[in-house]
Amino acid sequence: MSDQSDPNKPKKTIADLFQQLALAQEEEQSPAAPPKPMESYKFWKTQPVPSFDEKVESEGPIDTSKTPETVRQEPYPIHSSFEWTTLDLESDHDLDQLYELLYDHYVEDHDATFRFAYSRNFFNWALKPTGWRQDWHIGVRVKDTGRLIAFISGVPCDLTIRGRDIKSVEINFLCVHKQLRSKRLAPLLIKEVTRRVNLQNIWQALYSSGTVLPRPVSTCRYGHRPLNWSKLYEVGFSSLPPNETKASMVAKTTLGSEPKTKGWRKMEEKDISTVWKLYDAWRDRYDISQIMTKDDIKHWIYGGHQQDGKVIHTFVVEDEETKEVTDYISFYVLPFTVLQNPKHKQIGIAYLYYYASTVGLGKTNKDEENQELLKKRLKSLVNDAMIEAKKVDIDVFNALSSQDNTLFLDDLKFGAGDGFLNYYVFNYRTSHIDGGMDETDHDFGKNGSGVGVVLL
Ligand SMILES: CCCCCCCCCCCCCC(=O)SCCNC(=O)CCNC(=O)[C@H](O)C(C)(C)COP(=O)(O)OP(=O)(O)OC[C@H]1O[C@@H](n2cnc3c(N)ncnc32)[C@H](O)[C@@H]1OP(=O)(O)O
């Protein structure tokens with residue numbers, strides 16, 4: 001039953017829900033505290049990752065001994081009732097099976113009121129960027145029935161970490177059917193994707209998880225900004241804080257109806273080169289960032305062929321005199337399906353994606369005067385992006401404490417989430433990167449972060 005039908009049941013907060021959904025964690029935990037000693041990580045202690053207490057003397061790859069020729073050439077052995085499969089995301093059959101697996105088994109809230117509503121466009125965007133490889137869309141099927149019961153994916157994602165360029169992949173959508181949990185299938189999937197990536201002479205990978213594993217390079221916190229408070233309240237997604245009324249909450253969260261930044265418009269194909277230049281210069285601000293080619297910008301930020309505006313929405317600011325693009329900002333959309341609610345079927349969710357502004361170019365967050373200007377600029381860009389999000393039926397706008405987001409999260413009324421998102425780099429040693437939280441590790445910091453990558 002949904003919260004809606006039981007007036008005595010406390011409503012979830014947005015933070016609770018995302019903690020359960022996106023971060024797949026049971027309870028709030030301090031990002032600093034490993035949940036178990038290194039020795040208990042039966043799988044991870046065998047992998048080239050730093051242990052929790054290891055001091056970083058010099059940054060760089062951990063295991064450099066292998067070559068594609070010395071990598072195992074055949075898939076790892078798997079239980080006789082299962083078989084490896086490579087998903088063909090061009091085929092409706094495989095796309096449907098992936099959708100069903102993730103819909104039922106990826107992440108859901110505890111009383112199953114909300115589910116991620118993955119779309120074909122979303123998979124095409126997330127899993128088929130420039131240079132994608134079908135053999136990195138790895139599934140496990142039941143041999144007799146062909147049913148898909150597990151999945152893991154890799155996509156190309158070259159990185160710069162503290163000035164050093166690293167050929168790499170991003171690993172995501174690791175999922176095992178609920179009835180097959182705790183049977184060590186996850187380590188098998190991870191080893192198999194590692195093997196297939198290594199065969200391409202790539203030895204590093206970026207991934208994120210709500211789960212604490214050895215050892216995060218950084219940890220960020222989610223912020224959630226209601227855009228349609230009444231609807232969030234009606235579906236049991238938001239609670240009414242003490243000393244507030246429904247009307248006061250609506251008033252507090254209402255945005256203007258039109259963007260205010262002068263020269264604001266939707267990104268067009270002709271902007272790709274300029275946005276690319278902005279992206280590339282901007283990422284110098286961060287300790288870890290993704291290297292993007294012009295084609296990557298076309299796919300990830302412009303949205304490639306998906307110009308129906310369903311997944312990625314990007315806006316630019318064009319200087320009214322020079323006609324130069326000076327800023328861009330983007331968000332992607334991944335809604336929730338609402339189950340068992342008489343009034344609402346879906347909640348629109350947006351996630352802040354990449355942005356850049358000439359205001360911060362060539363500057364660091366040590367430059368106090370520029371930080372003030374940048375803060376003002378980002379507040380106006382994000383505010384306008386949220387107005388655009390509202391226009392496409394987004395009900396809640398999410399942003400992490402990564403990038404320079406802490407310059408606006410509090411002022412733009414993002415509430416801090418309860419969960420943390422940990423970032424990892426496989427087979428690479430690097431000292432901790434600032435995740436945008438303050439010294440208590442619980443509130444947003446004030447001066448940006450070192451994390452310039454956004455993972456889906
Ligand atoms: C160079 C190329 C390298 C490429 C690879 C880079 C690494 C990529 C790494 C993957 C990045 C994924 C990024 C995302 O997609 S993060 C999203 C993860 N998915 C979900 O949360 C969906 C719901 N949950 C599930 O489907 C399952 O619970 C999963 C599949 C998560 C675990 O299945 P299960 O519950 O049935 O467990 P098991 O018995 O098979 O295995 C237990 C072992 O697995 C370790 N475990 C648990 N959760 C995670 C996790 N999120 N990342 C890495 N390891 C994880 C765990 O500590 C234990 O190891 P150890 O404690 O004994 O040591």
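When segment 32-58 is limited to residues that are away from the ligand (no atom under 15 Å from the Cβ) and under 25 Å from the mean Cα position of the chain (by Cα), the one that is modelled with the lowest pLDDT turns out to be Ala32. The numbered conditions (1) under 24 Å from Lys167 (Cβ atoms); (2) of a type in the set (Ser, Thr, Tyr); (3) in contact with a strand residue (DSSP E or B) (Cβ under 7 Å, 6 or more places away or on another chain) are all true for Thr194 except (3). Within segment 228-281, how many residues turn out to be more than 30 Å from Asp319 (Cα to Cα), surrounded by 15 or more Cβ atoms within 10 Å (Cβ to Cβ) and touching a residue at least 60 places away in the same chain (Cβ under 8 Å)? Summing the residues that are more than 30 Å from Asp319 (Cα to Cα), surrounded by 15 or more Cβ atoms within 10 Å (Cβ to Cβ) and touching a residue at least 60 places away in the same chain (Cβ under 8 Å) in segment 228-281 gives 10.
If you scan segment 411-456, which residues turn out to be over 13 Å from Arg215 (Cβ atoms) and either of a type in the set (Phe, Trp, Tyr) or assigned to a strand (DSSP E or B) (or both)?
Our first condition is that a residue be over 13 Å from Arg215 (Cβ atoms); within segment 411-456, this holds for 411-421, 434-456.
Phe414, Gly415, Ala416, Gly417, Asp418, Gly419, Phe420, Leu421, Met437, Phe444, Val451, listed by residue number.
Report whether or not Phe414 is under 30 Å from Leu127 (Cβ atoms), out of contact with any Pro (no Cβ under 6 Å at 6 or more places or on another chain) and not small (Gly, Ala, Ser). Spelling it out, Phe414 is indeed under 30 Å from Leu127 (Cβ atoms), out of contact with any Pro (no Cβ under 6 Å at 6 or more places or on another chain) and not small (Gly, Ala, Ser).
Is there a residue being of a type outside the set (Phe, Trp, Tyr) and in contact with a helix residue (DSSP H, G or I) (Cβ under 6 Å, 6 or more places away or on another chain) anywhere in segment 383-395? Within segment 383-395, one or more residues are of a type outside the set (Phe, Trp, Tyr) and in contact with a helix residue (DSSP H, G or I) (Cβ under 6 Å, 6 or more places away or on another chain). Report whether or not Asp94 is more than 15 Å from the ligand (Cβ to nearest atom), farther than 17 Å from Val142 by Cβ and among the acidic types (Asp, Glu). So Asp94 does not fit the description; no. Within segment 257-298, the set of residues being part of a helix (DSSP H, G or I), among the acidic types (Asp, Glu) and farther than 22 Å from Leu455 by Cβ comprises Glu269, Asp271. Restricted to segment 190-200, and to residues that are more than 7 Å from the ligand (Cβ to nearest atom) and assigned to a helix (DSSP H, G or I), which residue is surrounded by the most Cβ atoms within 10 Å (Cβ to Cβ)? Restricting to residues being more than 7 Å from the ligand (Cβ to nearest atom) and assigned to a helix (DSSP H, G or I), the top hit is Arg196. Cβ-Cβ distances below 6 Å connect the following pairs, each with a first residue in segment 66-82 that is farther than 13 Å from Val193 by Cα, a second residue that is in a loop (DSSP other than H, G, I, E, B), and a separation of six or more residues or different chains: Pro68/Leu199; Pro68/Asn201; Ser81/Lys143.
Screening Lys260 on (1) farther than 15 Å from Val382 by Cα; (2) away from the ligand (no atom under 16 Å from the Cβ); (3) charged (D, E, K, R) shows it passes everything except condition (1).
A single entry from Ser182, Ser248 fulfils the requirement of being over 19 Å from the mean Cα position of the chain (by Cα), among the small types (Gly, Ala, Ser) and part of a loop (DSSP other than H, G, I, E, B): Ser182.
Residues that are assigned to a strand (DSSP E or B) and of a type in the set (A, V, I, L, M, F, W, C) were ranked within segment 201-215; the one that is nearest to the ligand (Cβ to nearest atom) is Ala205. If you check Thr322, Thr314 for being free of Cβ contacts under 8 Å to residues at least 60 places away in the same chain, assigned to a strand (DSSP E or B) and not hydrophobic (A, V, I, L, M, F, W, C), only one passes: Thr314. Close Cβ contacts (under 7 Å, 6 or more residues apart or on different chains) running from residues in segment 33-50 that are among the aliphatic types (A, V, I, L, M) to residues that are in a helix (DSSP H, G or I) and within 8 Å of the ligand (Cβ to nearest atom) comprise Met38/Lys45. The residues of segment 378-427 that are farther than 21 Å from His442 by Cβ and either among the charged types (D, E, K, R) or without any contact (Cβ under 8 Å) to a residue 24 or more places away in the chain (or both), listed by number, are Lys379, Asp384, Glu388, Lys390, Lys391, Asp393, Asp395. A single member of Glu244, Glu192, Glu170 is touching a Cys at 6+ places or on another chain (Cβ under 9 Å) and on the phi < 0 side of the Ramachandran plot, and it is Glu170. Taking strands (runs of 3 or more DSSP E) as the structural unit, those lying wholly within segment 117-177 and holding at least 2 residues that are assigned by TED's automatic domain parsing to the domain that holds Ile202 and within 13 Å of the ligand (Cβ to nearest atom) correspond to 137-142, 148-156, 168-176.
State the number of residues belonging to segment 341-350 that are assigned to a strand (DSSP E or B) and surrounded by fewer than 20 Cβ atoms within 10 Å (Cβ to Cβ). Break it down stepwise before answering.
Filtering segment 341-350 down to residues assigned to a strand (DSSP E or B) leaves 346-347, 349-350.
Add one more test, that the residue is surrounded by fewer than 20 Cβ atoms within 10 Å (Cβ to Cβ), and what stays is 346.
Here the count works out to 1.
The values are calculated or read from the model by the stated rules, or taken from the named source; none is laboratory data. In this text, all values refer to a predicted model and were calculated from it rather than measured experimentally. Here Cβ is always computed from backbone atoms with ideal geometry, including for glycine, and neighbour counts include all displayed protein chains.
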